Amino acid sequence: MSVTNLEKVMKLPSLFEGCYTSRDGVPEFKILVDGKWRQSSGGATIDVKSPIDEALIARVQSGTAGDADAAVNSAYASRKKIRDIPAIDRINILNRARHIIEVNRDYFVKTLVVEAGKTHESALGEVRASLNRIKMTMEEARSIFGEYIPGDWSEDTVAKFALVIHEPLGVITCITPFNYPLFSLVAKVTPALVSGNSIVIKPATDDPLSSILLSRVLQESGIPEGVVNLVTGRGREVGDTLVGHRLVSMITLTGSTETGKHVARMSEMKKLHLELGGKGSAVVADDADISLASKKILEGALKFSGQRCDAISRVLAFEKIHDELMAQLMKDVVHWKLGDPREKGVTMGPLINEGAADRVQLLVDDAVSKGALRLQGGTHHGAYFEPTVLDNVPLDAKIAWEETFGPVVVVIPVKDLDAAIKIVNESRYGLDSCIFTESFYTAWKAAKSFEEGSVAINDAPAHGVGYFPFGGNKDSGLGREGVGHSIDEMTRLKTIQFNLAPAGLGKVRQQAKM
Ligand code: NAD
């Protein structure tokens with residue numbers, strides 16, 4: 001069955017009526033600026049096609065620099081409206097948003113399936129994680145307290161005390177990637193709004209529809225007009241304005257390292273939170289539980305067709321267990337079924353577009369031309385890339401170092417742990433890695449030695465809902481994401497000093513006895 005357009009796949013409820021019109025039977029979504037859904041000032045639109053079968057599912061506005069400027073101005077002008085709401089009311093508003101998502105859960109799930117090519121299970125998982133993230137952030141928000149510091153511990157502040165309080169930053173630009181379009185956005189807008197910031201959203205161009213639906217939900221939940229703004233469009237067209245604008249205080253971006261570096265250059269002195277690319281390694285030691293390692297490696301490498309920053313994108317297998325691990329991987333990989341993600345039994349759908357599959361193909365072909373053994377898969381049809389296993393991948397192959405973002409298990413035999421640590425740390429990335437071993441000491445040495453933001457022991461890396469904080473070192477980014485950590489990132493400290501001496505209330509030092 002062809003996907004056709006979003007309106008035919010599902011009739012959107014009346015809640016969403018204001019944010020799109022219909023042209024030739026295809027929904028054309030608008031941008032949200034200053035509380036109004038409107039067309040882009042440039043009048044151009046971008047086709048949104050389903051990766052499942054290339055069907056045109058919707059059109060969105062191709063935003064301009066002028067739209068981006070208007071969105072930032074609206075967020076800036078409205079920043080006091082959100083800051084001045086009592087925190088308990090901000091929590092209530094976001095809980096209402098959570099409730100509206102819950103009520104419309106099926107629309108979010110279906111949208112994620114058709115716009116991102118996710119299986120129903122994976123789309124449902126993303127919606128559930130989003131609901132959970134809002135709930136947990138609301139719980140955590142109540143502990144934004146600050147500090148009381150008595151001054152008499154220091155000679156120069158004896159008669160004073162200070163309060164250190166958290167304040168919102170002002171306007172936060174939220175830029176999200178295609179792979180978790182709903183969850184990535186929820187993980188940014190929820191801490192931003194609950195801590196009193198106004199926002200401008202720039203979703204990924206390939207699958208912006210769930211972000212548009214979420215913006216409408218936020219509007220409906222009672223967030224004051226102008227606080228939440230959304231501009232769709234090409235990164236390079238609207239991005240530079242959203243990032244470089246003098247009225248923006250912070251940029252939170254999840255995306256590729258190349259985009260992150262560009263944004264860092266453009267942003268000058270603004271606060272940055274960058275969640276970027278990764279090249280996660282799975283080290284399999286000679287005492288590992290091989291069946292566990294194989295299962296987790298395949299999950300880590302193939303889930304959502306490998307389009308995850310926390311994917312396992314190379315396996316460093318100790319020579320002693322290499323053959324046993326390969327035999328197990330080949331036995332287990334047959335359970336991974338590529339196909340139309342709407343079909344029962346399919347565990348892997350297409351990549352986000354054919355261009356992404358062509359890119360993965362180049363990486364696989366380069367490895368094979370340099371001596372890697374192709375044991376399974378290795379080709380693609382349109383955007384559908386087969387689950388692939390490459391063995392004996394040489395270290396001069398590009399796929400040994402570049403982020404794959406496709407369903408490829410890349411196995412590199414290594415002599416021992418020191419050899420594995422050397423390869424892990426030579427990466428320009430530093431997001432996640434994992435090790436499979438039964439030895440506490442081996443696990444501890446790996447965990448302490450890997451230059452990564454997170455290390456998983458006997459499991460595939462997974463950021464999940466963000467209960468454990470995560471984030472990258474080196475080219476993988478700046479800052480830490482997580483339920484409480486994201487709130488910290490989106491507030492800043494202000495120190496307020498009180499001098500008690502004029503009222504005679506401050507402490508007075510005694511003369512030191514000689
Ligand atoms: P991308 O860098 O192509 O795009 C990300 C976002 O940046 C999109 O909204 C895009 O339109 C926007 N953008 C592009 N150019 C811009 C510019 N000049 N100014 C401002 N915005 C601009 O990334 P993608 O392909 O959508 O996502 C995949 C990447 O995201 C992978 O590298 C993946 O590892 C990374 N990612 C990282 C994490 C993490 O937690 N570290 C999580 C998910 C994805």
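The values are calculated or read from the model by the stated rules, or taken from the named source; none is laboratory data. Fair warning: this is a prediction, and the values are worked out from it, not measured in the lab. Every residue, glycine among them, receives a Cβ derived from its backbone with ideal geometry; neighbour counts consider all protein chains shown. Accessible surface is based on the protein model in full, side chains and every heavy atom, while ligands, DNA and RNA are left aside. Shrake-Rupley method; radii C 1.70, N 1.55, O 1.52, S 1.80 Å.
Observations, loosely collected:
- Loop-resident GluC sites (Glu not before Pro) (DSSP state other than H, G, I, E or B) in the stretch 193-251 with no more than 14 further Cβ atoms inside 10 Å of their Cβ: 225.
- When you filter the chymotrypsin sites (Phe, Trp or Tyr not before Pro) in the stretch 113-215 for DSSP loop state and at most 12 other Cβ atoms inside 10 Å of their Cβ, you are left with 145.
- Straight-distance candidates among the lysines for linking to residue 331, with alpha-carbon spacing under 26 Å and chain neighbours fewer than 8 residues away dropped: 118, 279, 295, 296, 303, 320, 344, 370, 415.
- Shape analysis of the chain yields a ratio of the Cα radius of gyration to the Kirkwood radius, Rg/Rh, of 1.03.
- With all protein chains modelled, accessible area of residue 15 [1.4 Å, Å²]: 30 Å²
- For the peptides 132-138, 392-398, the ranking by mean Cβ contacts within 10 Å, running from highest to lowest, is 132-138, 392-398.
- Other residues whose C-beta falls under 15 angstrom from the C-beta of residue 8 contribute a net charge of +1, scoring Lys and Arg +1 and Asp and Glu -1.
- All-pairs alpha carbon distance profile, the stretch 423-496, 10 Å steps from 0, percent: 19, 42, 27, 9, 3, 0
- Backbone phi angles across the stretch 424-436, fed through the Karplus curve with coefficients 6.51, -1.76 and 1.60 (θ = phi - 60°), yield HN-Hα couplings of 4, 7, 6, 5, 6, 8, x, 9, 9, 8, 8, 9, 10 Hz in residue order; Gly and Pro are listed as x.
- Distance from the stretch 1-56 to the stretch 454-514 (C-alpha centre basis), Å: 42 Å
- The packing ranking, built from the mean of other Cβ atoms within 10 Å per residue, places the peptides 75-88, 109-122, 431-444 in the order 109-122, 431-444, 75-88, highest first.
- Calculated diffusion of the stretch 280-457, Stokes-Einstein form, Kirkwood radius summed over Cα pairs, 4 °C and 1.567 mPa s, µm²/s: 81 µm²/s
- Calculated [222 nm] ellipticity per residue, helices only, for the chain: -11500 deg cm²/dmol; basis is -39500 (n - 2.57) per DSSP H run with n ≥ 4, divided by all residues, nearest 500.
- Tail weight of P(r) past 17 Å, computed on alpha-carbon pairs of the stretch 1-68, percent: 44 percent
- Computed in the context of the full set of protein chains, the accessible area of the chain at 1.4 Å probe radius has 53% of its extent on carbon or sulfur.
- Ellipsoid semi-axes for the stretch 392-463, based on the Cα gyration tensor and the rule √(5λ), read 20, 14, 12 Å when sorted largest first.
- Nearby lysines by direct alpha-carbon distance to residue 80 (threshold 25 angstrom, same-chain neighbours under 8 apart not counted): 36, 135, 188, 202, 270, 271, 494
- For residue 304, net neighbour charge (Lys/Arg +1, Asp/Glu -1) across residues whose Cβ lies under 13 Å away: -2
- Qualifying GluC sites (Glu not before Pro) for the stretch 21-104 [loop in DSSP, other Cβ within 10 Å: at most 10]: none
- Under 13 Å, Cβ to Cβ, from residue 354 - net charge with Lys/Arg +1 and Asp/Glu -1: -2
- The stretch 280-457 - accessible surface per residue (Å², probe 1.4 Å): 40 Å²
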